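Okay, here's the structure, questions in a sec.
Throughout, read-outs are computed from the coordinates displayed, never taken from laboratory work. Please read these numbers as outputs of a predicted model, since none were measured by experiment. Ideal geometry is used to build each Cβ from the backbone, glycine not excepted, and the neighbour counts take in all protein chains shown.
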Amino acid sequence: MTLPTDLDCQTCGACCAYSSDWPRFSTEPDADLDLLPPQFVAPDRSGMRCEGNRCSALSGTIGKAASCLVYGLRPDVCRTCMPGDPECLTARAAFGLG
Ligand code: SF4
Ligand code: SF4
């Protein structure tokens with residue numbers, strides 16, 4: 001399968017609003033997690049705080065203009081999701097984005 005390589009995350013944001021189970025912490029060192037602004041972290045510190053399915057650190061409008069307010073500190077799961085991979089395409093499809 002050929003992955004689409006022309007997907008632009010800055011006009012998308014779908015994976016950041018697809019599921020509250022998505023932006024979970026996994027292998028991040030505690031020292032890195034401590035750098036995240038607390039308002040973006042779930043009360044139980046299991047992951048990013050979400051509002052519904054949407055990560056609280058996502059700014060903008062899905063499918064139009066999106067940015068991560070903690071980009072340099074984002075969890076590992078966010079770093080491993082690549083445009084065009086299966087998780088990306090599932091999230092995009094959920095928002096009607098081709
Ligand atoms: S769903 Fe894909 S294209 Fe959209 S922001 Fe996530 S990785 Fe980027
Ligand atoms: S931390 Fe940033 S990249 Fe990760 S889900 Fe939230 S908005 Fe998206």
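For every other residue with a beta carbon closer than 14 angstrom to the beta carbon of Cys88, add +1 if it is Lys or Arg and -1 if Asp or Glu, then tell me the sum.
-2
I would also like to ask the following. Pairwise over distinct Cα atoms, reciprocal of the mean inverse distance: report the Kirkwood radius of the chain in Å, one decimal place.
13.7 Å
Between Arg79 and Ala31, what length comes free when the chain is fully extended (0.36 nm per residue of separation minus the Cα-Cα distance, one decimal in nm)?
15.5 nm
Another question, if that's okay. Between the DSSP loop rule and a limit of at most 11 other Cβ atoms within 10 Å, which trypsin sites (Lys or Arg not before Pro) in region 50-94 are left?
Taking region 50-94 and a limit of 11 other Cβ atoms within 10 Å, the loop trypsin sites (Lys or Arg not before Pro) found are Lys64.
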